[in-house]
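Scroll down for the structure; my scribbles are underneath it.
The values are calculated or read from the model by the stated rules, or taken from the named source; none is laboratory data. Model, not experiment: these values are computed from the prediction. Methodologically, a virtual Cβ is constructed for each residue, glycine included, from the backbone with ideal geometry; neighbour enumeration extends over all protein chains shown.
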Protein chains: 2
Amino acid sequence: MSLTIGVDVGGTKVAAGVVDVHGKVIEKLKRTTPAARPDDTADVISEVVLELLDRYDVTAVGIGAAGFVDETRSTVLFAPNLAWRDEPVKKRVEERIGRKVIVENDANAAAWAETRMGAARGQQDVMLITVGTGIGAGVVLDGRLYRGRWGSAGEPGHYRVVPDGRLCGCGNRGCWEQYASGNALVAEARELARRSPSAAVRLLQLGGGSPDGIDGPAVTHAAREGDAGALSCFEIVGGWLGHGLADLTAILDPGCFVIGGGVSEAGEMLLGPARAVYESSVTGRTYRHLAEIRQAELGPDAGLIGAADLARQG
Amino acid sequence: MSLTIGVDVGGTKVAAGVVDVHGKVIEKLKRTTPAARPDDTADVISEVVLELLDRYDVTAVGIGAAGFVDETRSTVLFAPNLAWRDEPVKKRVEERIGRKVIVENDANAAAWAETRMGAARGQQDVMLITVGTGIGAGVVLDGRLYRGRWGSAGEPGHYRVVPDGRLCGCGNRGCWEQYASGNALVAEARELARRSPSAAVRLLQLGGGSPDGIDGPAVTHAAREGDAGALSCFEIVGGWLGHGLADLTAILDPGCFVIGGGVSEAGEMLLGPARAVYESSVTGRTYRHLAEIRQAELGPDAGLIGAADLARQG
């Protein structure tokens, strides 16, 4: 049975896994990412892949990286959390491991995995939205991964939802990911604790008494207990998520949105408000079919599984 | 040589043309649209097509209609300016003319025509934005017309650019077409004339002395003369256009935007400000290629030509 290796390269760690044709991860290894020097990262990727190649008969290697990847799936043009700028990742790793390598944006790879083997199995038109620190996304259209003219499609986290809105890491203001991400969830909770402490008693307790001590897991924990303050933060952030999905429906009319990333583990606390706002605000809602909004199934391995499957397809 | 017929069905008229494989319109006929009764519209389409079939050997007929068309390209689900609701247009017209018919959204058909034979010849990833009374759009991705899961892709005119913004015909507030359309241009000019008449002397003159007398052609006329007030209206509307193109680039990364519709005839007065805002605001602009922004080439026949070509492809 044909095996491939998928590698997920994030800002802090490299994870590599041997994956079978059904998307099952047979063995997985992890290393920390040496972010400072580009060559070091390619070295770490190559080492971990070579270790797996020692033990498995593997036909190809796919690398999912958090950054802009060029249209030939060879070069990382820019990776905000790595030292890569115009980095020929495909070439560098191929030289070291002697196998064919493809490079893909990590969220694109995850979108492919969720469409082929995860929450959107059987669907042809899918958008994956990963709600983590920020927003990542991947787009599958007519059953194929859509990469854009120059490989940079699927960055809706940086379309503008509020003119002159919150400052974003990309340098613009009002980007969607400033309103519908884990960072936004924490910002809402801290603001609640600062301005209306009586509505945030439990949140403050979990934050060690200080608004700045409140983190994402604390908000999720309090919301799971039924805390009204924490739930109101999910309402706000979930609402912004649903609003964005309505905008994406106007533009692309997908059949299914898959919501992944750390914040999506809150499940219906996030997806409930997202669905409500989506259904009440999508344009032409009386005359069109609405997309399904589903929780991702493959978890943090999605990028690795998708990269491995894309490598198999060549 | 294989000929097909393209039909453009708008709110006020039906235009049908015999089109050759190069997109050349050999003969064109027009009729007014009887908007009140769905059957009458199908009758008018059929009559004008039958008249052309009498004189030309035609293999198929494509109908471009201003409305949501279902994913089988048969039924118009909703057409804001026609009486059609869940109207089986394909079936009704095929029964009357005895030829194969496909139905397509008019802006989708125009996007196809501009990509195959117009301003974006040779490109694979193209968005057509028609700036008329409102905003229409069509999306060509990887060289194919993208219709969405249920045929309703390509409605970016109704993504939200301003929370709680201007009321839109679709029932929502803050839709892009309320800021970057012909209606928006006229609204800007009238507001200028109302609030700052000394900056709108020429506009008021062309409007017969009243702000409400100012129409789109008047604004374009004054701007062509170099009138500062009229040019400022194009700056504002062109800026909103460019901002939206930046958002669409974040999501889809197309290679080329084609700007069509009546307002696009103002050329650089609209496209200059659009390009300036686009280039200064697209996310990751330092690390990505930017899309070209081109004026449409095929004019008001684009929909008809595209519908004819789509019918040829079957």
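Would you mind finding the one in A:Pro88, A:Pro80 that is more than 11 Å from every other protein chain (Cβ to nearest Cβ) and not acidic (Asp, Glu)?
Sole residue among the options that is more than 11 Å from every other protein chain (Cβ to nearest Cβ) and not acidic (Asp, Glu): A:Pro88.
Counting just the residues of the stretch A:193-202 that are assigned to a helix (DSSP H, G or I) and not polar (S, T, N, Q), which one comes out surrounded by the fewest Cβ atoms within 10 Å (Cβ to Cβ)?
A:Arg195
When you scan the stretch A:170-192, how many residues do you find that are in contact with a Pro (Cβ under 7 Å, 6 or more places away or on another chain) and either surrounded by fewer than 24 Cβ atoms within 10 Å (Cβ to Cβ) or facing chain B (nearest Cβ under 8 Å) (or both)?
2
Going through the stretch B:253-271 one residue at a time, which ones are acidic (Asp, Glu) and not in a loop (DSSP other than H, G, I, E, B)?
B:Glu265, B:Glu268
This table checks each residue for (1) under 19 Å from the mean Cα position of the chain (by Cα); (2) within 21 Å of B:Val161 (Cβ to Cβ).
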| position | (1), (2) |
| --- | --- |
| A:Gly242 | yes, yes |
| A:Leu248 | yes, yes |
| A:Pro254 | yes, yes |
| A:Gly267 | yes, no |
| A:Gly272 | no, no |
| A:Val277 | no, yes |
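Restricting attention to the stretch B:1-37, which residues are surrounded by 13 or more Cβ atoms within 10 Å (Cβ to Cβ), out of contact with any helix residue (DSSP H, G or I) (no Cβ under 8 Å at 6 or more places or on another chain) and either modelled with pLDDT under 90 or of a type in the set (S, T, N, Q) (or both)?
B:Gly11
Name, by its number, the condition in (1) surrounded by 21 or more Cβ atoms within 10 Å (Cβ to Cβ); (2) within 14 Å of chain A (Cβ to nearest Cβ); (3) outside any helix (DSSP H, G or I) that does not hold for B:Gln124.
Every listed condition holds for B:Gln124 apart from (1).
Quick one: would you say B:Ala109 is part of a helix (DSSP H, G or I) and either within 14 Å of another protein chain (Cβ to nearest Cβ) or buried (at least 21 other Cβ atoms within 10 Å of the Cβ) (or both)?
So B:Ala109 passes the test.
Give the stretch A:246-263 a look and list any residue that's at the interface with chain B (Cβ under 7 Å from one of its Cβ atoms), buried (at least 24 other Cβ atoms within 10 Å of the Cβ) and small (Gly, Ala, Ser), or say none.
Of everything in the stretch A:246-263, just one residue is at the interface with chain B (Cβ under 7 Å from one of its Cβ atoms), buried (at least 24 other Cβ atoms within 10 Å of the Cβ) and small (Gly, Ala, Ser), namely A:Ala250.
Exactly one condition in (1) under 26 Å from B:Gly174 (Cα atoms); (2) at pLDDT below 95 is not met by A:Gly151; state its number.
Answer for A:Gly151: the failing condition is (1).
If we keep just the residues of the stretch A:127-153 that are under 12 Å from the mean Cα position of the chain (by Cα) and of a type in the set (A, V, I, L, M, F, W, C), which is farthest from the other protein chains (Cβ to nearest Cβ)?
In this case the residue turns out to be A:Val131.
Would you say A:Asp54 is without any contact (Cβ under 8 Å) to a residue 40 or more places away in the chain and over 24 Å from A:Gly151 (Cα atoms)?
Here the answer is yes, as A:Asp54 does meet what is asked.
In contact with a helix residue (DSSP H, G or I) (Cβ under 7 Å, 6 or more places away or on another chain) and either within 19 Å of A:Gly143 (Cα to Cα) or within 9 Å of chain B (Cβ to nearest Cβ) (or both): which single residue out of A:Ala296, A:Ala266, A:Ala274 fits that description?
A:Ala296
Could you tell me whether the stretch A:55-64 includes any residue that is at pLDDT below 95, of a type in the set (A, V, I, L, M), within 30 Å of B:Ala250 (Cβ to Cβ) and not assigned by TED's automatic domain parsing to the domain that holds A:Trp150?
No, that holds for no residue.
So that you can scan it fast, the table gives a plain yes or no per residue for (1) closer than 24 Å to B:Arg285 by Cβ; (2) polar (S, T, N, Q):
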| position | (1), (2) |
| --- | --- |
| A:Ala120 | no, no |
| A:Gln123 | no, yes |
| A:Ile129 | yes, no |
| A:Ile135 | yes, no |
| A:Trp150 | yes, no |
| A:Val161 | yes, no |
